[in-house]
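Since the structure comes first, as structure tokens, the remarks are kept for the end.
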Amino acid sequence: MQFYLSSYELGENPERLASLFGANKRIAYIPNARDFVGADPARKNERTRNDMAGLASLGLEPELLDLREYFGNTEGLIAKLDTLAGVWVSGGNTFVLRQTMRLSGFDTIFPRLLARSDFVYGWYSAAGCVLSSNLRVYAITDDPDNFPYQEIQETLYEGLGCISYAFEPHYKSNHSESESTDREIQYCIENKIPFIAVRDGEVLIFEISAEILEMPR
């Protein structure tokens, strides 16, 4: 699997994202990090439209993939993802996104996706944070006790575990969460947690194989 982790939105050189795709340009847009209790529906919808328009401007073929529609239907989600060349996951609340991944079975599908060298995983902000093994540091910025789904009423601190560091977006950026990112970084330093700080506009691009990753149970 190829990864494109952005601090915010598509980053300063989105053509690099488009270059990761082959003939299949179909990419799912996953907005569920913004399902958190208290979210403004109009603002959420506007963000979805803008993000999908940005992907389309790159020559990709985005389609909305709401993980809530797959709660309890992991096989259906597998069938859907098998038709796609990648996903783009928006930012929002790290812990809420983690809940949707648990309820839809996305986390159990993850190793299957990692085995696909032709699959692209694009994220920004909190959607990159969920890749870490331990999500506790992100409670400084995101509310870990925000439970929009009745099926889960406990905080999930275990991330997908495919990166060995804390992904710290919005570092020294003109963003409302830049100050709390500084506090997260200080937490990492004090607790000897490896981290990578990324400014808005910057991206991390890398590849991970399923053979080198043991997913947490």
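Just so it is clear, none of the values below were taken in a lab; they were calculated from the coordinates. Quantities reported herein were computed from a predicted structural model and do not represent experimental measurements. Here Cβ is always computed from backbone atoms with ideal geometry, including for glycine, and neighbour counts include all displayed protein chains.
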- Would you mind stating whether Ile208 is closer than 19 Å to Ile109 by Cα, in contact (Cβ under 8 Å) with a residue 12 or more places away in the chain, within 16 Å of the chain's Cα centre (by Cα) and buried (at least 17 other Cβ atoms within 10 Å of the Cβ)? no
- Tell me, please, whether a residue that is in contact with a strand residue (DSSP E or B) (Cβ under 8 Å, 6 or more places away or on another chain) and either surrounded by fewer than 16 Cβ atoms within 10 Å (Cβ to Cβ) or closer than 24 Å to Leu77 by Cα (or both) can be found in region 140-154. no
- Query: Restricting the search to region 11-31, which residues are outside any helix (DSSP H, G or I) and over 19 Å from Arg116 (Cβ atoms)?
  - Reply: Gly11, Glu12, Asn13, Pro14, Pro31
- Query: If you check every pair at least six apart or on different chains, which have Cβ atoms under 7 Å apart with a residue in region 185-203 that is closer than 10 Å to Val137 by Cβ first and a residue that is of a type outside the set (D, E, K, R) and part of a loop (DSSP other than H, G, I, E, B) second?
  - Reply: Phe195/Tyr165
- Task: Restrict the check to region 118-125 and report whether at least one residue is surrounded by fewer than 24 Cβ atoms within 10 Å (Cβ to Cβ) and in contact with a helix residue (DSSP H, G or I) (Cβ under 7 Å, 6 or more places away or on another chain).
- Result: yes
- Item | Residues satisfying the stated conditions in region 63-89, i.e. in contact (Cβ under 8 Å) with a residue 60 or more places away in the chain, under 22 Å from Gln150 (Cα atoms) and not in a helix (DSSP H, G or I) | Phe71
